[in-house]
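To keep things clear, I will list the structure first and then write my remarks on it.
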Amino acid sequence: MEELDAEPPVMVVPGADPSSRQLCFAWGPAEVLLCETRFDRTGRSPASRVFVVRKDQDIYIHTLRKLFNESHGIFIGLQRSEEELAGKSRKSHLVQVSKNYRSVIRACMEDMHQAAMTVKPVRSEASRSSLGRNTWELTMNSSLPKAGPLLLRLLDWVRLHVCDVDNMVREVLSSEDPSKHELFWNVVDVFVLQGRMDEARHLLSKEASANPTSVNMYRILDDLMKKMPVPSLNNTQTLTEMELKWQHWHEECQRYLQDGTFASNSHTESICKILLGDEDAILEKKELMTTWYHFLVTRLLYSHPTVKPMELRFYAQSSMDLFLGGECSPEPLDTILMAAFEFEIHQVIKECSIALSNWWFVAHLTDLLDHCKLLQSHNLYFGSNMREFLLLEYASGLFSHHSLWQLGVDYFDHCPEYGRVYLELHIERIPLNTEQKALKVLRICEQRQMHEQVRSICKIMAMKALRNNRLGSALSWSIRAKDAAFATLISDRFLKDYCERGSFSDLDLIDNLGPSMLLSDRLTFLGKYREFHRLYGEKRFSEAARLLLMLMTAHIAPCSFWMTLLTDALPLLEQKEVIFSAEQTYELMRCLEDLTAGKSEKQKFQDDNVETMKVEMLRLALARNLARVIVKEGTLEGS
């Protein structure tokens, strides 16, 4: 723990004192276990505490469950469709996958913002979710093949992300007279700053109607906004044509501003300055933009509309410096966005891994970028596949949750190099609290032919059932594990239980053992012995007698159970009809003599009167049956 003193700790554990250097720790599958190790002079340890520090704590936040579950479906769909798609259809599919992820992030953000209104700790999660969505949109807009110039993509990105003004817009538009609302000009300015010219012109037309004396000024401004050249999505105009049109329009705006056309109204004059790309005029609206990257896009829209991707990094750095003014250091999002503007994908992933509190974002972003064939040159940083590295980390975190671990299985399945190894290690750590959960885990292992894990799960569940005296369940699990030794142990418990109670429990299981009874000799005996009782109950006495004798003469039955078998023969020996033949009767006599002869004198002395009485009754019954058989067989021969 000396490293905790070398630099400020990243994480504070309540009640723990790292400065005392009396903490020890142990790594778990999804947590760190800290414990105090203070000792006094007598060598005794006072009452100490244990601290559990979990990683990937976000998986326990209810509002993120929807994000994890829905994105899992998108991820699986992408993996399955990859082999089927090619060419243009593949590119459009990747764009659609990115949009699906973005929609899920946005829905999560809305849930987070609603929760943040009432639950204070969720606010940090909402901001991190916002950071993730913002970075996702910028990275994918820059990376995925998409029609249209760069500026149009940046405008779409800002309009989607900077949505704090939506409430203000709704408030103004829902009022009886929007032009009289105190926030009217703020809304107009926001529309202009985001390049939403049609909406800005619509509001200005309401203001013009309310001020007939200024109609000409509003008409000129409306005309300027209408004629503003913007990059075309269909690429029908060349870059040179776009620059010439923009230059002529810019000179026209400059002429009207210098002529004092808008001098009578500070709001319209400010808008005209913004259209000219006046940085000071744009920075005056700093509170409406809220972020430096909104300022960047506005600045590019009105000063450098034909910006090229390679030039973006320089405008981004200068815009951040102008907007922040050196007053505060860049936040994690600023660093991430700068890396995205520089098209440093590896740096984006690295910074996101540090700034975000879980692996969801970087894992899914990296997977999609890998499908776009954009990560091949970056794998050298990790020594292996970066996509797989991040997916393994994300899936490992899911396995520490009581239900999300099932999602983690699919992520491991799509990690070809180490996924199988990770799954085997994590599957063994899942707490098997219920049989239903154990069956889920078992089904997963059986589908992937993880034979060792299947046996381990079955043995664990069999032992649990045996401790709870649930013999049927224990036998079922041991058969599934193909564990002959354990099946023998449980069969002995069944036989012991039968001797004590006089009846079998879990008859359905024993009656339907089928080929499974061949797993061990004792299990075979249990199945056959139960069959003897069934035959006897159906009054098929001859078949029951043959089976009973076979169990003893073939040495399938344990010697300790012979007296019980011989006792079961008594009702058959006393039947009116002769059941046992002379030869069978001699075999029973031999078995009885072998049983009694095997006991020492001391054991015979210790036998109670009941055991002695059983032996005498058997000898008498066998002698009487033999006499009846001899008479019957002699009569048949004589006739």
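Per-structure values
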{"quantity": "Shape metrics for the range 166-289, restricted to C-alpha atoms - Rg then Dmax, Å", "calculated": "15.1, 46"}
{"quantity": "Residues Ser516, Ser89 arranged by fewest to most Cβ contacts within 10 Å", "calculated": "Ser89, Ser516"}
{"quantity": "Neighbour-limited loop hits for GluC sites (Glu not before Pro), the range 479-553 (at most 16 other Cβ within 10 Å; DSSP other than H, G, I, E, B)", "calculated": "Glu538"}
{"quantity": "Protection proxy ranking of 307-320, 449-462 - average other beta-carbon atoms within 10 Å, highest first", "calculated": "449-462, 307-320"}
{"quantity": "Order by protection proxy (mean Cβ within 10 Å, highest first), peptides 337-345, 276-284", "calculated": "337-345, 276-284"}
{"quantity": "Calculated over the range 505-601: convex hull of Cα atoms, volume per residue (Å³)", "calculated": "113 Å³"}
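Every read-out reported here was derived from the displayed coordinates using simple, explicitly stated rules and does not represent laboratory data. Predicted model, so just to flag it, every value in this text is computed and none were measured. As a convention, Cβ positions derive from the backbone with ideal geometry for all residues, glycine included, and neighbour counts pool all protein chains shown.
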